[in-house]
Structure formats: C-alpha cells, structure tokens
Amino acid sequence: MSKKVSEIMNTKLEIISSNDSVYSAIEKMIDRRIRSLLVLPKDEKDDYGVVTVRNIIFKVLTKKLDPHKVKIGEIASKPIIAVSKDTSIDEIYELMEKNNIARVFIKEGDKIIGVVSFFDIMAHILIERAKT
Amino acid sequence: MLEKLIGGEKLEKRALEYIQNYLKIFISAQECLKTLLLTEDLERSYCIENLEREADSVRREIISTIYKGAFLPYIRPNLCTFIEITEKAFDFLKTCAFEFRYINKEFYKDIKDDVVRIASINVEMAEILYKAFQSLLKKDNLREKNLAIRICEKKIDELKLNLTEKIRQKEITNFWEGKNVSDFTEALAKISDIIEDASDYLYILDISLK
C-alpha cells in the first residue's frame with residue numbers, strides 16, 4: 001500500500017507576505033538555501049501562492065526589473081496545488097507529472113501544513129528501494 | 001561476499017545467523033520505541049530493556065563464536081566493531097525509553113509529531129541496515145542501502161533542528177525537567193547517527209573484501 005503524503009512531507013514552510021519585495025524573497029532563499037516560498041493570502045478572499053527561483057529569474061531579474069521595487073504579489077503563482085495530508089504518494093506523482101509542477105502543498109482544512117518537492121519524492125523512492 | 005570467504009563452515013554460518021538475529025532484535029526495539037512514543041503507554045518502555053538484554057546475550061554469542069575461530073583473522077575485528085557500533089544504539093534506545101517515563105506530558109504534546117516522525121525514520125533505518133547486512137552476504141548493492149541511510153539521517157537532522165527550535169521557545173523553570181527533555185531528544189536523535197556509522201562501516205567492510 002502506498003504511503004500517505006504526510007509521512008514524507010516537509011513541515012518547515014518558509015513563508016513571505018504578498019507585500020514584501022522580491023529582494024527580501026531572494027535574501028530568504030539564499031540564507032535558507034531553498035528554492036521556493038509560500039506566499040500568504042492578502043485577505044480572507046485571497047488564495048495562497050508560491051514564489052520560486054524560476055519566477056524571480058524570468059519575471060524580474062532577466063527583465064532587468066529592480067527586485068527592491070517589485071512586490072511578491074506581482075510575480076507569485078496562484079492558486080497553488082494543495083492536497084489533503086491523507087493523499088497517497090502515488091497520487092502526488094501523477095499530480096506532479098500531469099501539471100508539470102515541482103512541489104505540491106499539503107493542507108489540513110484551509111491551512112497549509114507542509115510541502116512535498118521532487119527531492120522528497122526522490123528520497124522516498126530511494127528509501128523504498130533500499131528496503132526491498 | 002562473506003559467504004565466499006566463509007566457505008560454508010559451521011561456525012561462520014552460526015555467527016552470521018546470530019548477527020542477523022541481532023539486527024532483527026534491533027528492529028524490534030526500534031518499533032517498540034515508536035509504539036511507546038505514539039501510544040504513550042509507559043508499559044511499552046520496559047520491552048526495550050528486555051530486548052536490549054536479549055540483544056546483549058546474542059552479542060556475546062556472536063563475539064565468542066567469532067573468537068572460537070569463525071572467519072579469517074583479519075575479518076574478525078571488523079565484524080566485532082560493527083556489532084559494537086550497533087550496541088551503542090541500544091544504549092540510546094534505553095535512555096530514550098527511560099527519560100520518556102519522566103517527561104512532562106503537557107510539554108510532550110507540542111513535540112509529539114516530530115518525535116514520532118524521528119522514531120518512524122529510525123525504524124526504517126534499522127530495517128535498511130538489516131537489508132544492508134544481507135546485501136553484504138549476497139554481494140548485492142550495498143551502495144544503495146548506504147545512500148538511503150544517509151538520506152534518512154539527513155531528514156532526522158532537519159527534524160532535530162525543528163524540534164530544538166520548538167523546545168527553545170518553551171520556558172523551562174525546573175533543572176530536572178530541562179535535563180530530562182534534553183537527554184530524551186539527544187538520545188532519540190543520536191540513534192540515527194549510530195545507524196549511519198554502522199552502515200558506513202559495512203560499506204567499508206564490503207570494499208575491503210573486494
């Protein structure tokens with residue numbers, strides 16, 4: 001039986017506000033050696049978003065925009081793809097392949113509680129292989 | 001690989017069976033700790049002591065069988081060292097179970113998720129270590145097992161960091177309560193270090209036998 005996503009998810013989420021500058025996102029990513037940040041909703045009607053290194057490179061840096069002046073809300077990808085913590089890991093593979101995404105967020109109710117990235121999936125597959 | 005060197009002698013076969021049995025007891029002790037931390041049923045903490053005693057007697061059998069003449073002399077100390085490394089993990093399992101009996105249960109609520117997750121990964125690591133030993137015997141791919149153990153250890157390092165951050169935010173007013181939590185988490189996170197050392201040692205043993 002396939003494991004549940006909650007067993008391999010990363011619960012240490014790095015977050016950023018929509019009103020913060022892209023430069024502060026770059027600082028966070030470099031300091032913590034991560035490739036994405038969860039963008040908090042502006043208000044109750046707004047959705048969670050995600051800002052990745054890819055967004056920053058192609059929407060700001062290569063367009064020669066000033067990362068101090070561009071707000072996270074302007075470049076974040078919304079809405080994010082999120083699943084329940086009871087979802088099987090097999091379903092996550094399908095979701096990633098079908099939507100061509102590198103990470104899937106995990107929610108409990110309306111709250112985001114974790115994230116599973118390609119790296120977590122690769123680690124999981126290698127561990128399962130070693131157990132056989 | 002070892003099978004090639006043992007030549008099917010009785011003593012060697014017995015020693016290898018003992019080592020596999022020892023590693024199975026190690027897995028059982030890890031599972032026992034995981035159940036204890038999940039259910040918070042203190043009765044479970046005593047099964048770890050029982051398994052440790054059982055493992056102790058198997059360890060003595062392994063060492064005495066080896067020194068009765070099993071294996072070529074240059075392999076003997078290597079196998080004994082592997083067993084001694086694993087033995088240290090039993091000490092940490094015992095410490096963890098002992099300290100858990102005295103942990104403040106209100107405090108534990110806030111760290112339970114991380115603690116159970118570490119214990120679950122420890123069980124997986126113990127299972128992979130057992131498979132790694134079998135790979136050594138079958139001349140199978142030990143490198144993959146070693147990598148999987150390193151991945152698990154990295155995950156535990158991250159969880160430990162998370163756990164330490166949570167603990168630091170709590171106010172601890174009593175010396176013994178602080179020592180108890182510190183000893184408990186330290187012992188829990190050390191188990192994976194020991195398994196990683198044991199796995200590295202198996203890998204070196206595998207290379208040295210080629």
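All of the numbers you see were taken from the coordinates with simple rules; none came from a lab. Note that the structure is a prediction, hence the values are computed from the model and not measured. Using ideal geometry, Cβ is built from the backbone for each residue, glycine included, and neighbour counts are taken over all protein chains shown.
What the table below lists for this structure:
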item	result
Selected from B:V181, B:L23, B:I156, residue furthest toward positive end of dipole (chain B; charges at beta carbon)	B:L23
Packing-based ranking, highest mean first, of B:204-210, B:172-178, B:158-164 given that Cβ atoms within 10 Å are counted	B:158-164, B:204-210, B:172-178
Pairs beyond 18 Å (Cα-Cα), from A:K3/B:K160; A:K45/A:K69; A:K28/A:K85; B:K105/B:K154; A:K85/A:K107	A:K3/B:K160; A:K45/A:K69; A:K28/A:K85; B:K105/B:K154
Electrostatic dipole magnitude of the stretch B:1-89 [Cβ: Lys, Arg +1; Asp, Glu -1; Cα centre; debye, to 20]	480 debye
Charge dipole of chain B about the Cα centre (unit charges at C-beta), most positive-ward option of B:L33, B:L205, B:I111	B:L205
Shape category assigned to the stretch B:37-146 from the gyration tensor of Cα positions, a/c cut at 1.5	oblate
Degrees separating the helix A:22-32 axis from the principal Cα axis of chain A, which is the longest one	40 degrees
Helix A:89-99 vs. chain A, principal-axis angle (Cα, 0 to 90°, nearest 10)	40 degrees
Highest-fluctuation residue, A:N99, A:N19, A:N55 considered, GNM on chain A with Cα pairs under 10 Å	A:N99
Cα lying deepest toward the dipole's positive end in the protein assembly as shown, options B:N50, A:V50, B:N122, charges on Cβ	A:V50
Fluctuation leader among B:E40, B:E106, B:E49 - chain B, Gaussian network, Cα springs under 10 angstrom	B:E106
For the stretch B:14-77, the fraction of alpha-carbon pairs in successive 5 Å shells from zero, as %	4, 18, 22, 17, 13, 10, 8, 5, 3, 1
Percentage relative contact order, chain B, counting C-alpha pairs under 8 Å, at least six apart	30 percent
Rg and Dmax of the protein assembly as shown, Cα atoms only, in Å	23.8, 76
Taking all pairs of distinct alpha-carbon atoms in chain B, Kirkwood radius in angstrom	17.9 Å
GNM flexibility winner over chain B from B:K94, B:K34, B:K166 (Cα, springs under 10 Å)	B:K166
Straight-distance crosslink candidates among aspartates and glutamates, where the alpha carbon sits under 12 Å from A:K78 and sequence neighbours closer than 8 are dropped	A:D46, A:D47
Along principal axes, Cα extents of chain A, largest first, whole Å	52, 32, 26
Cα centre as origin, Lys/Arg/Asp/Glu Cβ charges: the protein assembly as shown dipole, Debye	980 debye
Debye, to nearest 20: dipole size of the stretch B:7-208, +1 on Lys, Arg Cβ, -1 on Asp, Glu Cβ	480 debye
